[in-house]
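**Student:** This is the structure I have questions about; it appears just below.
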Amino acid sequence: MSDYDYDLFVIGGGSGGVRAGRIAAQYGAKVGVTEEYRYGGTCVIRGCVPKKLFVYASHFSDDFADAAGFGWTVNGASFDWPTLVANKDVEIERLSKIYIANLEKVGAEVFKSRAELVDPHTIDLINEGRKVTAERVLIATGATPFVPEFSGAEHTITSNEAFHLDRLPDSIAVAGGGYIAVEFAGIFNGLGVETRLLYRGEQILRGFDDDLRNHLAGEMAKKGITVQTGTVIESLAETDSGYKVATSDGKNFHTGLVMFATGRRPNTEGLGLDKAGVEIDDKGAIIVNGFSQSNVANIYAVGDVTDRVNLTPVAIREGHAFADTVYGDKPTAVDHSNIATAVFSQPELGTIGLTEAQAREAVEEVDIYKSVFSPMKHTLSGSDEKMLMKLIVDAASDKVLGCHIIGPDAGEMAQLLSIAIKMGATKADFDATIAVHPTASEELVTMREKWIG
Ligand code: NDP
């Protein structure tokens with residue numbers, strides 16, 4: 001018999017924590033899980049899932065416009081924001097319940113309480129008014145939006161609030177140039193909100209392939225989004241109808257709402273990590289080894305709280321690997337290389353592997369294959385949206401090092417391409433693959449001419 005109340009206690013009921021708790025319980029561990037907000041975590045409650053539903057909603061404006069070229073007349077189309085929010089909430093509630101049910105099904109005990117560590121083995125369940133002990137603790141508390149300090153910052157919203165606005169503003173300014181800023185700019189614009197994106201650097205989506213960044217910025221502008229680079233919001237003041245915003249270029253503008261999407265910070269404050277002796281880095285992320293183990297041998301951490309690759313499927317994989325390693329006798333370190341990702345911008349972006357710039361650093365000679373074209377649908381729709389596909393190939397080995405796509409379903413393509421690229425596919429393998437016609441993705445296996453820049 002263990003001296004502890006639990007073999008494993010998980011703090012955080014998001015994707016990573018729930019997966020770890022569920023698999024550990026299936027291996028026979030006595031598991032407790034606690035969550036202070038809602039089970040499902042950021043991705044399900046106020047991230048990937050509701051965001052994608054909003055992206056679908058915002059696409060209809062383009063779809064109605066495209067329909068005319070195919071003979072359709074859509075009369076009297078109108079959009080009702082409260083209906084979208086309410087329907088989204090129903091779906092989120094359904095998913096949150098599934099998270100709880102999946103834990104209970106395997107015998108894990110589910111708590112709804114904030115938790116703080118008292119020492120490496122003792123967890124204070126604040127809302128329960130009691131302490132529990134565990135042989136091991138897994139921290140999976142995720143991250144939270146970060147808003148820099150400036151005059152008027154208290155008036156801004158983040159993605160957390162964007163999912164619950166009472167009404168859509170007529171206009172919005174979105175600060176940031178990462179995933180969330182770009183995705184929400186597309187959502188608001190598609191829903192008819194006059195949208196401005198302000199980014200501090202030279203081009204949005206730093207870290208992505210430069211062709212993709214430039215192409216997306218151009219397409220967003222074509223859709224009517226004002227993309228303002230090299231600019232930050234310096235202050236904002238409330239007015240009768242919204243906010244007066246002052247920017248670093250010495251200008252002012254008026255907008256109905258200001259949203260900040262300037263990164264996220266690990267949720268480690270007030271967790272009692274100091275009392276347990278757990279080391280964090282300068283951003284507050286828990287420092288872990290390849291097996292998600294912290295410097296305190298019985299305390300582990302997975303997902304965004306460790307600030308490795310902050311994506312839901314990565315947190316899930318880390319949680320699963322933790323349970324396999326510790327309770328399944330299958331030591332598993334997560335491979336963080338070649339992770340495909342999508343940005344649900346409009347148009348969508350999907351990417352896997354090295355960017356052209358990274359490849360040029362990594363190998364001596366790089367071959368680029370690139371195609372910019374009109375998707376077939378737009379021959380009749382009249383839309384001037386262009387698709388971009390790019391393959392980065394190591395000239396010496398012929399290995400495909402990266403693939404970057406922008407256009408409809410780019411995320412779906414990146415997922416499938418990532419299998420080939422993880423397997424080490426060469427350009428010759430791509431060339432030997434017969435196209436599926438007519439598709440956009442056939443371009444990936446039919447590009448033969450090297451791109452001369
Ligand atoms: P990101 O880290 O992607 O982007 C943050 C943006 O804010 C960057 O453009 C950054 O600029 C800018 N920024 C940071 N600090 C400041 C500041 N003080 N003033 C002005 N601008 C600033 O964070 P997000 O919030 O967009 O998303 C958080 C994470 O969530 C992402 O990294 C991603 O891992 C995940 N996510 C994934 C999604 C997906 O898979 N589709 C969707 C949404 C989120 P700079 O580039 O110059 O540093």
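FYI, it's all coordinate maths here, none of it is from the lab. Note that the coordinates shown come from a computational prediction; the quantities given were computed from them, not determined experimentally. Cβ coordinates were reconstructed from backbone atoms using ideal geometry, including for glycine residues, and neighbour counts include every protein chain displayed.
**Student:** Can you tell me the dipole magnitude for segment 309-453 around its Cα centre, using point charges on the Cβ only (Lys, Arg +1; Asp, Glu -1), in Debye to the nearest 20?
**Tutor:** 140
**Student:** Going by the alpha-carbon gyration tensor, a ≥ b ≥ c the square roots of its eigenvalues, is segment 110-206 rounded (a/c under 1.5) or, if a/c is not under 1.5, prolate (a/b greater than b/c) versus oblate?
**Tutor:** Because a/c hits 1.5 or more and a/b exceeds b/c, segment 110-206 counts as prolate.
**Student:** Then there is this: Based on the mean of other Cβ atoms within 10 Å per residue, sort peptides 68-74, 346-352 so the most packed one is first.
**Tutor:** 346-352, 68-74
**Student:** To make sure I understand, if each residue's beta carbon is the centre and we count other beta carbons within 10 Å, what order do 330, 51 fall in, fewest to most?
**Tutor:** 330, 51
**Student:** Follow-up question, since we're still on this one. By per-residue mean of other Cβ atoms within 10 Å, what is the highest-first order of 135-148, 313-326?
**Tutor:** 313-326, 135-148
**Student:** Now, a different point. Check cross-link reach from residue 88 to the lysines: straight Cα distance under 27 Å, and skip same-chain residues fewer than eight apart.
**Tutor:** Hits, sequence-local ones excluded: 51, 52, 97, 105, 112, 223.
**Student:** Relative contact order (percent) for segment 256-320, with alpha-carbon contacts under 8 angstrom and 6 or more residues of separation?
**Tutor:** Once normalised by length, the contact order is 24 percent.
**Student:** Let me ask something else about it. Could you pull out every residue, at least 5 positions away or on a different chain, whose amide H is within less than 5 Å of the one on residue 227? Hs are placed 1.01 Å off N in the peptide plane, and Pro or chain starts have none.
**Tutor:** Counting only residues 5 or more places away or on other chains, the set is 197.
**Student:** How big is the charge dipole of segment 193-236 about its Cα centre, in debye rounded to the nearest 20, if each Lys and Arg gets +1 on its Cβ and each Asp and Glu gets -1 on its Cβ?
**Tutor:** Here the size comes out at about 120 debye.
**Student:** Continuing with the same structure: List, in order, the whole-Hz ³J(HN,Hα) value for each residue of segment 8-21 obtained from phi through the Karplus relation with A = 6.51, B = -1.76, C = 1.60 and θ = phi - 60°; use x for Gly and Pro.
**Tutor:** Using θ = phi - 60°, the values come out as 9, 10, 9, 9, x, x, x, 4, x, x, 5, 4, 4, x Hz.
**Student:** In degrees between 0 and 90, to the nearest 10, how far off the longest principal axis of the chain does helix 210-222 point, with axes built from Cα atoms?
**Tutor:** Result, in degrees: 70.
**Student:** Given H placed 1.01 Å from N in the peptide plane, which residues other than close sequence neighbours of residue 5 have an amide H under 5 Å from its amide H?
**Tutor:** Those lying under 5 Å, H to H, from residue 5 are 133, 134.
**Student:** Could you give the dipole magnitude of segment 1-129 about its Cα centre, charging the beta-carbon of Lys and Arg +1 and that of Asp and Glu -1, in debye to the nearest 20?
**Tutor:** So the dipole magnitude of segment 1-129 works out to roughly 340 debye.
**Student:** Pairing the Cα long axis of helix 179-190 with the longest principal axis of the chain, what angle in degrees results, from 0 to 90 and rounded to the nearest 10?
**Tutor:** That helix lies at roughly 50 degrees to the long axis.
**Student:** OK, next. Relative to the longest principal axis of the C-alpha atoms of the chain, give the angle of the C-alpha long axis of helix 48-67, reported between 0 and 90° and rounded to the nearest 10°.
**Tutor:** Around 20 degrees separate the two axes.
**Student:** Sequence-distant or interchain residues sharing an amide H contact under 5 Å with residue 157, placed H: which?
**Tutor:** Those qualifying (amide H under 5 Å, at least 5 residues apart or on another chain) are 258, 259, 260.
**Student:** Where the centre of each part is set by its Cα atoms, how far does segment 71-127 sit from segment 151-218, in angstrom?
**Tutor:** Here the answer is 24 Å between Cα centres.
**Student:** Need the list of lysines near residue 275 for cross-linking: C-alpha distance under 19 angstrom, and skip anything on the same chain fewer than eight residues off.
**Tutor:** 131, 283
**Student:** Divide by every residue of the chain the summed helix terms, -39500 (n - 2.57) for each DSSP H run of at least 4, and state the resulting mean residue ellipticity at 222 nm, rounded to the nearest 500 deg cm²/dmol.
**Tutor:** Computed mean residue ellipticity for the chain: -9500 deg cm²/dmol.
**Student:** Oh, and also: Could you give each residue of segment 280-296 its phi-based ³J(HN,Hα) in whole Hz, using Karplus coefficients 6.51, -1.76, 1.60 with θ = phi - 60°, and x for Gly or Pro?
**Tutor:** 10, 8, 5, 8, x, 7, 6, 7, 10, 8, x, 9, 6, 9, 7, 5, 8
**Student:** So what is the relative contact order for segment 2-67, in percent, with contacts set as C-alpha pairs under 8 Å and at least six apart?
**Tutor:** RCO, segment 2-67: 30 percent.
**Student:** Nearest 5 is fine: what % of DSSP beta bridges in segment 150-263 come out antiparallel, could you say?
**Tutor:** Beta bridges within segment 150-263, antiparallel portion: roughly 40 percent.
**Student:** Rounded, prolate or oblate, given the Cα gyration tensor of the chain, with a/c below 1.5 counting as rounded?
**Tutor:** oblate
**Student:** Additional query: Could you work out the relative contact order of the chain? I mean the mean sequence separation of Cα pairs under 8 Å and 6+ apart, divided by the number of residues, in percent.
**Tutor:** Once divided by the residue count of the chain, the mean separation gives 16 percent.
**Student:** Taking θ = phi - 60°, what integer Hz values does the Karplus form 6.51 cos²θ - 1.76 cosθ + 1.60 yield along segment 419-427, in sequence order, with x for Gly and Pro?
**Tutor:** Rounded to whole hertz, the list is 5, 4, 6, 5, 7, x, 4, 9, 4.
**Student:** Let me ask something additional. On a straight-distance basis, which lysines could pair with residue 390 in a cross-link, Cα separation under 21 angstrom, same-chain partners fewer than 8 positions away excluded?
**Tutor:** 370, 377, 399, 422, 427, 450
**Student:** Same structure, new question: How many percent of DSSP beta bridges within the chain run antiparallel, rounded to 5?
**Tutor:** 60
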